[in-house]
Each structure stands twice: as C-alpha cells, then as structure tokens.
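Structure first, commentary second.
The values are calculated or read from the model by the stated rules, or taken from the named source; none is laboratory data. If you're wondering where the values come from, they're calculated on a predicted model, not measured in any experiment. Neighbour counts run over all protein chains shown; Cβ positions are idealised from the backbone, glycine included. These accessible areas exclude ligands, DNA and RNA; they are computed on the full protein's heavy atoms, side chains included. Shrake-Rupley method; radii C 1.70, N 1.55, O 1.52, S 1.80 Å.
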Amino acid sequence: MFPYVISLIICLSLSCAGKQPVPEIYEENASEVDEVELLTRLAADSIDFELLEWAIFQETNQQRERLGLPPLKFEPKLQNAATQHSTEMIELGYFEHESPVEEYRTVAQRVKLAGIKNGVSGENLAKHPVNRKLEIIFKDTNSEFRSNKYKWRNTGSNYTYDEFAEELVTRWMHSPGHRNNITNRYYKYLGVGAAVTKIADVDIFFVTQNFSTTNY
C-alpha cells in the first residue's frame with residue numbers, strides 16, 4: 001500500500017499548485033442546498049463526500065456564529081491537505097497528527113506543501129462511525145470511552161449527513177483542544193477532508209479539519 005499512498009500524496013500536492021476552483025456548494029447559500037440530500041442516511045458504498053464535508057464545514061461555522069465569531073472561509077488548499085491526511089492515516093494504519101512520512105510529518109508541513117506558505121495552521125482529527133452505535137468504535141479502537149457510557153445511543157441506524165456533521169462537531173466542541181481550533185478568532189480559513197474505511201467490520205470515517213490564518 002505504501003507506494004500507492006506516496007503516489008496519492010504526490011498527486012494531491014501537485015493539484016494544490018496555483019489557484020483552485022471553489023466547489024459550487026461552498027458558493028451557495030446554506031438555504032439553497034437540497035435539504036432532502038442532507039437528510040439522506042449515510043451509506044458507505046455511496047458517500048457524497050462533497051456534501052458531507054460541506055455539512056461539517058457549515059456546522060463548524062454555526063458553532064462560531066453562536067459565539068459571535070466571524071465565519072471561516074473555505075480554502076481548497078486546506079481541503080487538499082485535509083483529504084491527504086485522512087487518506088494517508090487509513091492507508092498506513094495510524095491515527096495521529098504526526099505522519100510517519102517525513103515530508104508530511106507535521107500539519108505545518110502539510111499545509112505548506114498544499115500551497116499555503118505563510119501564517120499559522122491548526123488541525124482537528126476524528127474517527128467517527130457511519131452508524132450510531134458509537135460504543136463499537138470506541139471499544140474497538142481502544143478509546144478512553146466505554147460502551148456503557150454511550151448505551152443510550154444504540155439506535156442502530158446510520159446518521160444522515162446533517163446528523164453526522166452535528167454529532168461530530170459537537171464532539172469536537174466538548175474537547176478543549178479541538179474547541180480551541182474551532183473558536184480561534186485568528187483562524188480565517190478552513191478545509192475539511194474525509195475518507196471512509198472499515199474497522200472490525202464497522203464503517204468508519206476519518207475526518208481532518210485544517211485551519212489557517214492565511215491562504216497564501
């Protein structure tokens with residue numbers, strides 16, 4: 001798998017050169033996005049990644065708005081860096097901010113390679129299941145959380161796009177380090193990158209948020 005990952009990383013890096021187009025969904029008003037699609041239940045074999053990442057982006061800005069903070073702007077370079085890291089973590093079998101690939105070791109390096117040479121950057125990571133049975137992922141990935149704590153969530157159904165984004169960002173908001181990134185008034189740009197895999201036969205998303213004070 002390792003050569004494949006390196007090739008993927010190189011492609012993502014090369015695609016970061018120059019000005020990149022902004023997906024239409026980020027240029028629309030939130031009210032213009034199809035609510036029916038947002039209420040569709042996630043299925044690992046037919047994920048609309050653009051919609052999911054946008055929903056997470058929007059939920060992040062809603063949390064900032066609640067606190068009187070200006071919204072973050074979408075930045076394709078940060079999205080490329082975030083997608084690269086989520087994909088690499090799955091392919092190389094780790095879950096950390098620090099990459100075993102030296103060129104991509106830190107978030108600062110990854111953001112610079114994506115084309116943002118200046119400013120300060122930050123990163124949020126999450127592993128989150130497609131299905132609501134959160135105790136499975138927490139137990140099978142050696143998390144500090146245990147099944148009894150989340151027994152009330154065992155509805156067994158998959159999240160909708162909207163529910164997934166809300167649940168994930170809420171988790172981040174209840175974690176001091178992640179919350180500090182989301183509510184940092186100096187960050188102006190955000191990119192979200194998600195990838196899906198299986199852990200113990202459970203469909204799991206690896207999600208990366210990359211923040212930056214600049215986009216150049």
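Worth pointing out:
- When residues in the stretch 100-120 are screened for being open to solvent by less than 30 Å² (accessible area, probe 1.4 Å) and touching a Lys or Arg at 6+ places or on another chain (Cβ under 9 Å), 5 of them pass.
- Residue count for the stretch 31-87, restricted to those that are within 20 Å of His174 (Cβ to Cβ) and either touching a Ser or Thr at 6+ places or on another chain (Cβ under 7 Å) or at pLDDT below 95 (or both): 4
- Evaluated against (1) open to solvent by 20 Å² or more (accessible area, probe 1.4 Å); (2) more than 12 Å from the chain's Cα centre (by Cα), Arg64 falls short on exactly one condition, (1).
- Leading residue by the ranking (farthest from Ala194 (Cα to Cα)) among those in the stretch 80-99 that are touching a helix residue (DSSP H, G or I) at 6+ places or on another chain (Cβ under 8 Å) and open to solvent by less than 30 Å² (accessible area, probe 1.4 Å): Ser99
- Conditions (1) open to solvent by 30 Å² or more (accessible area, probe 1.4 Å); (2) without any contact (Cβ under 8 Å) to a residue 40 or more places away in the chain: number failed by Ile25: (1)
- A Cβ distance below 9 Å, combined with a sequence gap of six or more or placement on separate chains, defines the contacts here; from the stretch 106-131, residues that are within 22 Å of Met173 (Cα to Cα) reach residues that are crowded, with 20+ Cβ neighbours inside 10 Å and of a type in the set (Lys, Arg) in the pairs Ser121/Arg110; Glu123/Arg110.
- Flag set for Ala200, criterion: out of contact with any strand residue (DSSP E or B) (no Cβ under 9 Å at 6 or more places or on another chain), among the small types (Gly, Ala, Ser) and either at pLDDT 95 or above or more than 23 Å from Gln84 (Cβ to Cβ) (or both).
Okay, residues lined up against (1) under 15 Å from the mean Cα position of the chain (by Cα); (2) over 21 Å from Pro76 (Cβ atoms); (3) touching a residue at least 12 places away in the same chain (Cβ under 8 Å):
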site: Tyr161; (1), (2), (3): yes, no, yes
site: Thr170; (1), (2), (3): yes, yes, no
site: Asn181; (1), (2), (3): yes, no, yes
site: Lys188; (1), (2), (3): no, no, yes
site: Asp201; (1), (2), (3): no, yes, no
site: Ile204; (1), (2), (3): yes, yes, yes
site: Ser212; (1), (2), (3): yes, no, yes
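- When the stretch 163-216 is filtered for residues that are among the hydroxyl-bearing types (Ser, Thr, Tyr) and in a helix (DSSP H, G or I), only Thr170 remains.
- Residues that are in a loop (DSSP other than H, G, I, E, B) and small (Gly, Ala, Ser), drawn from the stretch 95-118: Ser99, Ala114, Gly115
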